[in-house]
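Notes follow once the structure below has been shown.
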Amino acid sequence: MSAILKTDQLRVEFASREFRGTTTTALVGLNLEVQAGEVYGFLGPNGAGKTTTINALLGFVPPTSGTAHLFGIDVRQPIARQRIGYLPELTYYYKFLTAEELLRFYARIFGLSRAESDRRIEKLLKLVELEPVRNRPIKSYSKGMQQRVGLAQALINDPDLLILDEPTSGLDPLGRMKVREIIRRLKDEGKTVFFSSHELGEVETVCDRVAIIHRGELKASGRVADIVQPRHQNLEHAFLETIGYPIP
Amino acid sequence: MKTLFALARLTLTELYRRKDFYVLFILTAVVTLAAGSVNFFNDEKIIRYVKDLCLLLIWISTLLISVVTAARQIPAECEARTIFSLLAKPVTRGQVLLGKFLGCWLAVGLALLMFYAFFAIVTGSHEHRWPLGGYLQAIWLQWVMLGIVIAMSLLGSIHFAAPSSTSTICFVLVAGIVVVGPHLNTIALQQPQPLQTIAYTVYFLIPHLEWFDVRDRLVYGWASPAWQDIALASVYGAAYAGVFLLLAWLGFRRKSLNPG
Ligand SMILES: Nc1ncnc2c1ncn2[C@@H]1O[C@H](COP(=O)(O)OP(=O)(O)OP(=O)(O)O)[C@@H](O)[C@H]1O
Ligand SMILES: [Mg+2]
């Protein structure tokens, strides 16, 4: 089976503007491989390079060396993004549009027909429970509501692969549960989900496999059951040990 | 194509929602009032002067609108980071650029139509003359000219950092091209050697926006330019807009957007 998402020796360096000649290395030869139909959790402490990996996968930051492929297509080609849905870490949408208009705009970008986009917009607004505010501009939404707009726009093209950067950040417990439910349902539909998270409990319950990175390096990857050894109490313990934090 | 229109539409919606159109209404009111004042004069010379002034006003305000809106587009997308959600879709940067161009161009087209409609109605009701063909030609030529300006501003917005400085620089540049550009060849003749060649080169490189200016013909009621001249001017305008867009695309394609 070929991987749907694959990075090969992915290295990303950021050249510093202020201090000439110095560079920050965000990723150090990262190898990831996500198979079709998996829910894959992407873990790591703050600044580990999760968002950078995702940015590279979407073609926003060019790899310093190494490659990244989606569906076997190099991410430098826009067509690699035809069948993916992406939820950014923070909400970046056109604030002057309403939720419905935003979804319609993206539907047009994907070349969906009018009837098809109507159908999907109805379904998605119901799914993320934004129906009551569908005609209000996004700038009047709360953070959690904006996060849900993000989830809806990520699903507009009925993607086969979802790349979510901290999908539950900013959501209330009910919202988190809903997101978990959505992820499970997508999995049942045969979709692949790749998401970063700091919520280890959540990751433990929904993920088939996880990767833990630290300072741009892959520290562990595999099924949750394989990473959590008998000597660990839970994933949190395993995580802390993996990133070299002394556990009592 | 669908993508381009979706992007253009987004630009129009934004302009509309940002209430930028209010500025337009105020400007239209000024033009209308100014044009309306011809009713108080009976002297042919003063009427011409007023009409000339109105057309100059239209000329300057559409230039200003073009530069300011076009220069803001891409920096604003980057600043609000909406560009990332957009580029995560199967959209190329070239399409984003073209879509923005189209949106701005359509927007100033609408503004032009509105300005000229008011101008025509107010002066026409006084003089009982409706040179529709002349107006259409003037609008078209000015629209093509603004296409060059928009493409130029987009190019500028990709190379200069802040949108505010881009607008200013572009506007100064455009003003220079309009005011100094036409006379650069005569100026060149009076210069010592290295300067003369430079001035000549600049004269041949810059787009001659003044060629699109047919205000005098409207004011004095001269014969309209021949259609083949208009076609030629359109081709000339399209070529310049195309070159600027190409340069903008080359810059934008390689630009690091630096997320995070
Ligand atoms: N645009 C940038 N310019 C310079 N350095 C950057 C840039 N983006 C990220 N970095 C650096 O790269 C490293 C990884 O950052 P990244 O945002 O990928 O972390 P993360 O794992 O997503 O963290 P978090 O959990 O806080 O979201 C950090 O050291 C950060 O300082
Ligand atoms: Mg992050």
Rg/Rg_ref, the protein assembly as shown, where Rg_ref = 2.2 N^0.38 Å and atoms are Cα: 1.21
Intensity falloff of the stretch A:44-195 expressed as log10 I(q)/I(0), Debye formula with alpha-carbon point scatterers, at q = 0.10, 0.17, 0.21 Å⁻¹: -0.35, -1.04, -1.49
Distance between the stretch A:8-70 and the stretch A:206-231 - C-alpha centres, whole angstrom: 17 Å
Residue-wise HN-Hα coupling along the stretch A:89-98, computed from phi with Karplus coefficients 6.51, -1.76, 1.60 (Hz; x: Gly, Pro): 4, 10, 7, 10, 10, 5, 6, 7, 9, 8
Loop-located trypsin sites (Lys or Arg not before Pro) in the stretch A:1-70 whose Cβ has at most 11 other Cβ within 10 Å (DSSP): A:R17, A:R20
Contact order normalised by residue count of chain A, Cα under 8 Å, 6+ apart, percent: 25 percent
Modelled FRET efficiency - R0 60 Å, A:S65 with B:I60, Cβ distances, 0.05 increments: 0.70
Gap separating the Cα centres of the stretch B:157-204 and the stretch A:76-109, nearest whole Å: 40 Å
B:W222 - accessible surface, heavy atoms, 1.4 Å probe, Å² rounded to 10: 140 Å²
Relative counts (whole %) of C-alpha pair distances in the stretch B:63-204, using bins that are 10 Å wide: 11, 29, 28, 21, 10, 1
Distribution of pairwise C-alpha distances over the stretch A:1-106, 10 Å bins, in %: 13, 38, 32, 15, 2
For the stretch B:1-143, alpha-carbon Rg over 2.2 N^0.38 Å: 1.27
Estimated inter-spin distance, B:R18 and B:L173, nm [label 7 Å along Cα→Cβ]: 1.9 nm
Rg and Dmax [Cα atoms of the stretch B:2-254; Å; Rg one decimal, Dmax integer]: 19.5, 62
Inter-probe distance in nm under a simple model that places probes 7 Å from Cα toward Cβ, at B:T201 and B:N42: 6.0 nm
Simple spin-label estimate for A:I79 and B:L250 in nanometres, 7 Å along Cα-Cβ: 2.6 nm
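Test of the criteria: in the stretch B:1-53, which trypsin sites (Lys or Arg not before Pro) are in a DSSP loop and have at most 14 other Cβ atoms within 10 angstrom of their Cβ?
Within the stretch B:1-53, the qualifying trypsin sites (Lys or Arg not before Pro) (loop, at most 14 other Cβ atoms within 10 Å) are B:R18, B:K19.
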For chain B: relative contact order, % (alpha-carbon pairs under 8 angstrom, 6 or more apart): 27 percent
Sites excluded, GluC sites (Glu not before Pro) in DSSP loops with at most 14 other C-beta within 10 Å, longest stretch of chain A: A:19-128
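Strictly over 23 Å apart at the Cα level, which of A:K123/B:K100; A:K6/A:K219; A:K50/A:K219; A:K126/A:K178; A:K123/A:K178 would you flag in this model?
Pairs exceeding 23 Å: A:K123/B:K100.
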Heavy-atom accessible area ranking, 1.4 Å probe, most first, across A:H214, B:H128, A:H69, B:H208: B:H128, A:H69, A:H214, B:H208
Placed amide H near A:V39: partners under 5 Å, 5+ positions off or other chain: A:V193, A:D208, A:R209
Sites A:D158 and A:D208, calculated FRET efficiency, Cβ-Cβ separation with R0 22 Å, nearest 0.05: 0.55
Hydrodynamic radius of the stretch B:150-213 per Kirkwood, over alpha carbon pairs, in Å: 12.8 Å
Given charges at Cβ of Lys, Arg, Asp, Glu: the protein assembly as shown dipole, positive-most of B:L247, B:G147, B:F118: B:F118
Spatial separation of Cα centroids for the stretch B:130-150 and the stretch B:89-108, in angstrom: 22 Å
For chain B, calculated [θ]222 nm from helices alone, where every DSSP H run of n ≥ 4 adds -39500 (n - 2.57): -27500 deg cm²/dmol
Modelled FRET efficiency - R0 56 Å, A:N135 with B:Q190, Cβ distances, 0.05 increments: 0.30
Modelled label reach - B:W211, point 7 Å along Cα→Cβ, the stretch B:228-255 residues with backbone N closer than 18 Å: B:228-245
Trypsin sites (Lys or Arg not before Pro) restricted to DSSP loop in the stretch B:184-253 with at most 11 other C-beta within 10 Å: none
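The values are calculated or read from the model by the stated rules, or taken from the named source; none is laboratory data. Everything quoted here is computed from the prediction, not taken from an experiment. Note that each Cβ is placed from the backbone with ideal geometry, even for glycine, and that neighbours are counted across all protein chains shown. Heads up: the accessible areas ignore ligands, DNA and RNA and are worked out on the full protein's heavy atoms, side chains in. Shrake-Rupley method; radii C 1.70, N 1.55, O 1.52, S 1.80 Å.
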